[in-house]
1. Find all pairs meeting these conditions: Cβ atoms under 7 angstrom apart; at least six residues apart or on different chains; first residue within the stretch 150-170 and under 17 Å from ALA115 (Cβ atoms) and small (Gly, Ala, Ser); second residue part of a helix (DSSP H, G or I) and modelled with pLDDT of 80 or more.
2. Criterion first (outside any helix (DSSP H, G or I), at pLDDT 85 or above and either out of contact with any His (no Cβ under 8 Å at 6 or more places or on another chain) or more than 27 Å from TYR275 (Cα to Cα) (or both)) does PHE89 satisfy it?
3. Any chance you could count how many residues in the stretch 1-40 are surrounded by 19 or more Cβ atoms within 10 Å (Cβ to Cβ) and among the charged types (D, E, K, R)?
4. Would you point out which residue out of ASP348, ASP315 is more than 26 Å from SER145 (Cα to Cα), acidic (Asp, Glu) and either surrounded by 15 or more Cβ atoms within 10 Å (Cβ to Cβ) or in contact (Cβ under 8 Å) with a residue 40 or more places away in the chain (or both)?
5. Looking at ILE213, ILE259, ILE246, ILE218, can you tell me which residue is hydrophobic (A, V, I, L, M, F, W, C) and at pLDDT below 75?
6. Being charged (D, E, K, R), closer than 19 Å to GLY216 by Cα and in contact (Cβ under 8 Å) with a residue 60 or more places away in the chain is the filter here; which residues of the stretch 238-288 pass it?
7. Residue check, MET277 against (1) more than 20 Å from PHE16 (Cβ to Cβ); (2) at pLDDT 90 or above, all met but one. Which one?
Amino acid sequence: MRVQKILFYVSEVAHFWDSIKPLFNAYVNCGGDIECTVVFPLLEKMQEVGRGTKNVDRVRSIAAEIGSFAKCFYYDEWDREQGYYDICFTYSDYIEIGSEIRKCCQYIVAVQVTAIYTHIYVGVSGLKQLFGAQNNENIDYWILSDFVADWISRKVDLPEDKLLRFGYPRLDDLYSELNEPIEIPEEWSKKIRGRKVFLVVGANDYPYWLTQIKSGVILYRPHPFQIEREEEEGILKQLSSMENVIIDNTDTYYQAFKISDAMISTVLCSLYVNYLMTDKPILLLDEKRFDRRTQYVNDYNEDLWYKACYIARKDKDISDFIDMVNRGGDILREVHMPYRIYMQKNFDGMVCQRIVEYFENKDEGKR
């Protein structure tokens with residue numbers, strides 16, 4: 001039987017590995033006729049772009065972990081002349097594919113790794129650059145959520161047959177975790193004590209408005225880069241000393257999703273799109289009032305993920321949302337439900353299986 005060679009060409013930012021890891025595991029679990037190779041960028045680039053030594057340390061830890069199941073190289077150690085790969089899976093944003101990789105791979109497949117796409121951060125021009133002529137030439141397929149593929153189709157002239165609307169791999173891990181029993185860490189239980197829990201993410205104006213939440217428990221999950229910055233340590237320590245604040249610095253957000261009763265977020269944090277999979281209420285802080293990086297955000301008010309959420313345009317909207325959740329309510333549930341259902345398409349734990357089977361069938365069709 002012919003051995004299928006799969007390459008994973010990944011980003012210098014360690015926490016993005018979690019987004020493609022379920023697909024890597026799916027191929028590893030296929031058995032002996034699959035050979036997987038993972039290539040990381042240069043260590044120097046990981047330290048510079050990935051925000052320091054903690055990022056490099058985590059990449060090294062990931063490389064050591066996967067070395068038992070696959071070949072693993074840093075870019076300067078990888079001999080591209082030693083083999084031809086059937087498929088190269090890489091990230092759909094935050095990475096560039098050069099001609100050297102193009103020459104050694106039959107298919108190059110860009111996989112969605114964040115719930116919200118690059119256009120939220122860099123605007124329409126950034127999206128057009130991402131899907132421009134050079135990337136279009138070097139990448140054969142894009143694996144995307146349905147709502148992302150729809151957005152791209154409206155904005156960029158990209159052939160529909162390049163858009164594989166399978167969902168994105170991280171959703172498989174989320175699906176599995178949401179169906180597991182809830183385990184509340186003991187330290188968290190001491191603070192929760194039966195109260196409603198509000199998962200807070202993307203809080204650029206903390207601790208101001210965080211300290212305004214008096215009822216319920218705040219489960220605050222900082223951005224991975226925020227945890228790594230020394231200047232943030234004092235603020236996070238101050239917040240964690242509050243009676244109703246828990247700082248979630250665990251490796252994944254899965255436990256926080258299960259334990260919390262609702263989410264409060266800004267539009268620049270992609271986690272709230274994944275949180276829609278829980279069917280729990282979400283409050284988005286209006287960018288003009290609560291987010292200082294408005295120049296990066298555009299053209300999202302009509303997106304269905306936005307319509308699936310409550311919107312706060314003033315402080316009272318936050319307190320009203322908290323009161324509603326504390327009473328066990330979700331008063332706009334019926335209004336939001338059609339949008340939630342659309343966003344939950346392909347949330348079935350089968351994303352990676354669809355990807356593997358699609359390329360297996362293409363391979364068999366060529367024999």
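The values are calculated or read from the model by the stated rules, or taken from the named source; none is laboratory data. Every value quoted in this text rests on a predicted model; they were computed, and no experiment measured them. All Cβ positions, even for glycine, are placed from backbone atoms using ideal geometry, and neighbour counts span all protein chains on display.
1. GLY167/VAL351
2. Judged against the criteria, PHE89 is a match.
3. Number satisfying all stated conditions: 3.
4. Just one listed residue meets the conditions, ASP315.
5. Working: ILE259 fails: at pLDDT below 75; ILE246 fails: at pLDDT below 75; ILE218 fails: at pLDDT below 75.
Only one candidate passes the filter, namely ILE213.
6. Scanning the stretch 238-288 gives LYS258, ASP261.
7. So MET277 meets the others, but not (1).
Per-residue answers, yes or no, for (1) modelled with pLDDT of 75 or more; (2) among the acidic types (Asp, Glu); (3) part of a loop (DSSP other than H, G, I, E, B); (4) on the phi < 0 side of the Ramachandran plot:
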| site | (1), (2), (3), (4) |
| --- | --- |
| ILE152 | yes, no, no, yes |
| ASP157 | yes, yes, yes, yes |
| ASP172 | yes, yes, no, yes |
| GLU183 | yes, yes, yes, yes |
| GLY194 | yes, no, yes, no |
| TYR206 | no, no, yes, yes |
| PRO222 | yes, no, yes, yes |
| PHE225 | no, no, no, yes |
| GLU232 | no, yes, no, yes |
